[in-house]
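Just below is one structure, and these are the notes that go with it.
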Amino acid sequence: MPAEKKRILLADDDPDALLVLKDRLESFGYQVITISNGRDAVEMVKRGDYAGVIMDIKMPEMDGLEALRAIKRLRPDMPVIMVTSVKEKCPVALAEGAEACLLKPVDPDQLRAALHRRLKETH
């Protein structure tokens, strides 16, 4: 568990998935800010300080891959973990700069391992 509460930005347009992931992340000791689309994710990264971003690939207004590219232009060092129900999207997300891509429903152990690995490397 993180010594201090690190802020994670969580973006998913599915309210149920958002709630499940938020609860899981909070149980790991993170402070979680939730939003429902990629455009807001980019704006939040511009304005806030986050230890990392966890984002669905398929979202309205701006999909996760487009948001990932924008976030990496703004903050190349920002760890971004993508989640998706479409396995074929993962290689694309990784090629675009995502540190990890997890399949939905997200396995809690995989999520914890990905976060620990990525946040430890960058902080």
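Regarding segment 20-39, can at least one residue be identified that is open to solvent by less than 20 Å² (accessible area, probe 1.4 Å) and among the small types (Gly, Ala, Ser)? For segment 20-39, residues open to solvent by less than 20 Å² (accessible area, probe 1.4 Å) and among the small types (Gly, Ala, Ser): present.
Residue by residue, here is whether (1) under 11 Å from the mean Cα position of the chain (by Cα); (2) open to solvent by less than 80 Å² (accessible area, probe 1.4 Å); (3) at pLDDT 95 or above; (4) among the polar types (S, T, N, Q) holds:
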{"site": "Asp56", "(1), (2), (3), (4)": "yes, yes, yes, no"}
{"site": "Glu61", "(1), (2), (3), (4)": "no, no, no, no"}
{"site": "Gly64", "(1), (2), (3), (4)": "yes, yes, yes, no"}
{"site": "Val80", "(1), (2), (3), (4)": "yes, yes, yes, no"}
{"site": "Pro91", "(1), (2), (3), (4)": "no, no, yes, no"}
{"site": "Pro108", "(1), (2), (3), (4)": "no, yes, no, no"}
{"site": "Ala113", "(1), (2), (3), (4)": "no, yes, no, no"}
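Of note, Leu111 does not satisfy the criterion of being without any contact (Cβ under 8 Å) to a residue 40 or more places away in the chain and of a type outside the set (Phe, Trp, Tyr). Checked against the criterion of being within 21 Å of Leu111 (Cβ to Cβ) and in contact (Cβ under 8 Å) with a residue 60 or more places away in the chain, the candidates Gly64, Gly29, Gly38, Gly52 yield just one match: Gly52. Thr84 fulfils the conditions (1) modelled with pLDDT under 95; (2) surrounded by 21 or more Cβ atoms within 10 Å (Cβ to Cβ); (3) of a type in the set (S, T, N, Q) except for a single criterion, (1).
The values are calculated or read from the model by the stated rules, or taken from the named source; none is laboratory data. Here the structure is a predicted model, which is why all the values come from computation and not from measurement. Cβ coordinates were reconstructed from backbone atoms using ideal geometry, including for glycine residues, and neighbour counts include every protein chain displayed. Just the protein is used for accessible areas: all its heavy atoms, side chains included, with ligands, DNA and RNA removed. Shrake-Rupley method; radii C 1.70, N 1.55, O 1.52, S 1.80 Å.
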